[in-house]
1. Looking only at segment B:85-101, filter to residues that are over 17 Å from B:Thr54 (Cβ atoms) and touching a residue at least 24 places away in the same chain (Cβ under 8 Å); which one of those is surrounded by the most Cβ atoms within 10 Å (Cβ to Cβ)?
2. All but one of (1) without any contact (Cβ under 8 Å) to a residue 40 or more places away in the chain; (2) crowded, with 17+ Cβ neighbours inside 10 Å; (3) acidic (Asp, Glu) hold for A:Glu67; which doesn't?
3. Quick check: is even one residue across segment B:14-24 of a type in the set (D, E, K, R), in a loop (DSSP other than H, G, I, E, B) and modelled with pLDDT of 95 or more?
4. Does A:Ala78 qualify as being within 12 Å of chain B (Cβ to nearest Cβ) and either acidic (Asp, Glu) or out of contact with any strand residue (DSSP E or B) (no Cβ under 9 Å at 6 or more places or on another chain) (or both)?
5. Being within 11 Å of chain B (Cβ to nearest Cβ) and more than 17 Å from A:Lys36 (Cα to Cα) narrows it down to one of A:Gly95, A:Gly66, so name that one.
6. Quick check on this structure: which one of B:Ser49, B:Ser80 is surrounded by fewer than 21 Cβ atoms within 10 Å (Cβ to Cβ) and not hydrophobic (A, V, I, L, M, F, W, C)?
7. Does segment A:100-112 hold any residues that are within 14 Å of chain B (Cβ to nearest Cβ) and surrounded by fewer than 19 Cβ atoms within 10 Å (Cβ to Cβ), and which are they?
Amino acid sequence: GQQVMQIPQYQHVQEGEDFTTYCNSSTTLSNIQWYKQRPGGHPVFLIQLVKSGEVKKQKRLTFQFGEAKKNSSLHITATQTTDVGTYFCAGPPTGTASKLTFGTGTRLQVTL
Amino acid sequence: NAGVTQTPKFQVLKTGQSMTLQCAQDMNHNSMYWYRQDPGMGLRLIYYSASEGTTDKGEVPNGYNVSRLNKREFSLRLESAAPSQTSVYFCASRRGVGADYQPQHFGDGTRLSIL
């Protein structure tokens, strides 16, 4: 079945440093979604990318979808303590759009 | 505007006991999902209901059953709880049916411990 892997599993940065997480799927994706889960909380939708090579920005967050639509990245510029949490990518398995396969997640810790 | 509501928020069971986790959404969404999340791991799909009246197995369905009671409610039942089912359970819903790329909206989760 489809596998979605993320690296790194964990990253600890100092406030103000940049952060990037990478998402790789074993199959081509029709779209990719990113979610953030704060410690003790539930996943919250951040953004969706649909087109090959698409780049979207949300303030300090930049999302990219690979040309082959099998990988994606999330880059945070100048991290803040409010960025703490686990970031998940998710994409639909081949042949269906009714469900998502979530990536393994990257946990981000930010200290002053 | 409650969104997705899960009950209970916490539960402790003994091995072999049964229980039902409840989920209700007030967004008129068509699709609903049950996930489990184990420490340090991602979300694994247990069952989902793409539309009212249908249910399908996800990645880890063994030991669970579901009921899509109506468009609003989707329950998850553990018939004979096992320690391996200790986890945080999330319910989610999505507006669309099929390929419309709508995001999922999650409830706050049920933290379930089985002794």
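1. B:Phe90
2. Status for A:Glu67: all satisfied but (2).
3. yes
4. It is false that A:Ala78 is within 12 Å of chain B (Cβ to nearest Cβ) and either acidic (Asp, Glu) or out of contact with any strand residue (DSSP E or B) (no Cβ under 9 Å at 6 or more places or on another chain) (or both).
5. Working: A:Gly66 fails: within 11 Å of chain B (Cβ to nearest Cβ).
After ruling out the rest, the residue left standing is A:Gly95.
6. Working: B:Ser49 fails: surrounded by fewer than 21 Cβ atoms within 10 Å (Cβ to Cβ).
Selected residue: B:Ser80, the only one of B:Ser49, B:Ser80 that is surrounded by fewer than 21 Cβ atoms within 10 Å (Cβ to Cβ) and not hydrophobic (A, V, I, L, M, F, W, C).
7. A:Thr104, A:Arg107, A:Gln109
The values are calculated or read from the model by the stated rules, or taken from the named source; none is laboratory data. These numbers come from a predicted model, not from an experiment. We place every Cβ from the backbone using ideal geometry, glycine too, and count neighbours over all the protein chains shown.
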